[in-house]
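The values are calculated or read from the model by the stated rules, or taken from the named source; none is laboratory data. This structure is a prediction, so every number in the text was calculated from the model and none was measured. So basically every Cβ, Gly included, is an ideal-geometry build from the backbone, and we count neighbours across all protein chains shown. Heavy atoms of the whole protein, side chains included, go into the accessibility calculation; ligands, DNA and RNA do not. Shrake-Rupley method; radii C 1.70, N 1.55, O 1.52, S 1.80 Å.
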Amino acid sequence: MRKLANEELDRKTVEEFKEADKLPIVILLDGIRSMNNVGSAFRTSDAFLIKKIYLGGITATPPHREITKTALGATESVDWEHAEDTAKLVDDLKAEGFEIVAIEQVDESISLDEFKPEKNKKYCLVFGNEVFGVSEEVVAKADVCVEIPQHGTKHSLNISVSLGITVWDFYNKLS
């Protein structure tokens, strides 16, 4: 066994990524403070052909050294847009036919392993602030809240970990 060189990985160019068929998923980062988490969201979105990232509220936008350091170029491949008013953006995405899926612990959440996305639907996956989670206003507008099962002593995961787990799960279920 040997590690593959980057040239052997057969990755897409930025142009090929832009032209490639994407998953019917957009990501909404709702008030994310850490630019490293923003960069990680770009990198994961690139890896799994996510259509677009929306950076809501106080979430930082590229170009920024801290985002670029973690994104490793994914800010060039993944389409993105900033929206000051996250709740209005959710309304707009609903009007475009997206099902809003907040990744949050609520009284009526569905476990990620039990959630079954449909291949003919478009999804907006919402990830919230590192301390406060998805805003109450967005939770109230969500079509469904999905929770990642956890069995230890902590009540939450880092957003970049949550995003990776959730996107991987949706990728597997929709591919």
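Tabulated data
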| read-out | value |
| --- | --- |
| Of all accessible heavy-atom area on the range 116-175, the percent that carbon and sulfur account for (1.4 Å) | 54 |
| Hydrodynamic radius by Kirkwood, which averages 1/r over all alpha carbon pairs of the range 1-106, in angstrom | 14.8 |
| Under-5 Å amide H pairs with HIS82, H placed in peptide plane, nonlocal only | LEU55 |
| Built amide H within the under 5 Å cut-off of LYS122, gap 5+ | GLU99 |
| The range 75-175: relative contact order in percent, alpha carbon pairs under 8 Å with at least 6 residues between | 33 |
| Distance from the range 132-175 to the range 36-94 (C-alpha centre basis), Å | 16 |
| Alpha carbon centroid spacing (whole Å) that separates the range 2-17 from the range 106-131 | 31 |
| Contour excess over end-to-end distance, with Cα ends at TYR171 and ASN6 and 0.36 nm allotted per residue | 57.1 nm |
| Under Karplus coefficients 6.51, -1.76 and 1.60, residue-wise ³J(HN,Hα) of the range 94-110 in Hz, glycine/proline x | 4, 5, 7, x, 7, 8, 8, 10, 7, 8, 7, 8, 9, 5, 10, 5, 10 |
| Nearby lysines by direct alpha-carbon distance to LYS22 (threshold 22 angstrom, same-chain neighbours under 8 apart not counted) | LYS12, LYS51, LYS52, LYS94, LYS116, LYS119, LYS121, LYS122, LYS173 |
| Max mean-square fluctuation residue, GNM over the chain, Cα-Cα springs under 10 Å, options ASN37, ASN158, ASN129 | ASN158 |
| ³J(HN,Hα), Karplus 6.51/-1.76/1.60, whole Hz, each residue of the range 6-13, x for Gly, Pro | 3, 5, 8, 7, 6, 8, 6, 6 |
| Positive-end residue, the chain charge dipole about Cα centroid, Cβ charges, pick of CYS145, ILE100, TYR171 | TYR171 |
| Residue-by-residue Karplus 3J(HN,Hα) for the range 121-127, coefficients 6.51, -1.76, 1.60, Hz, glycine and proline x | 10, 9, 10, 10, 8, 9, 10 |
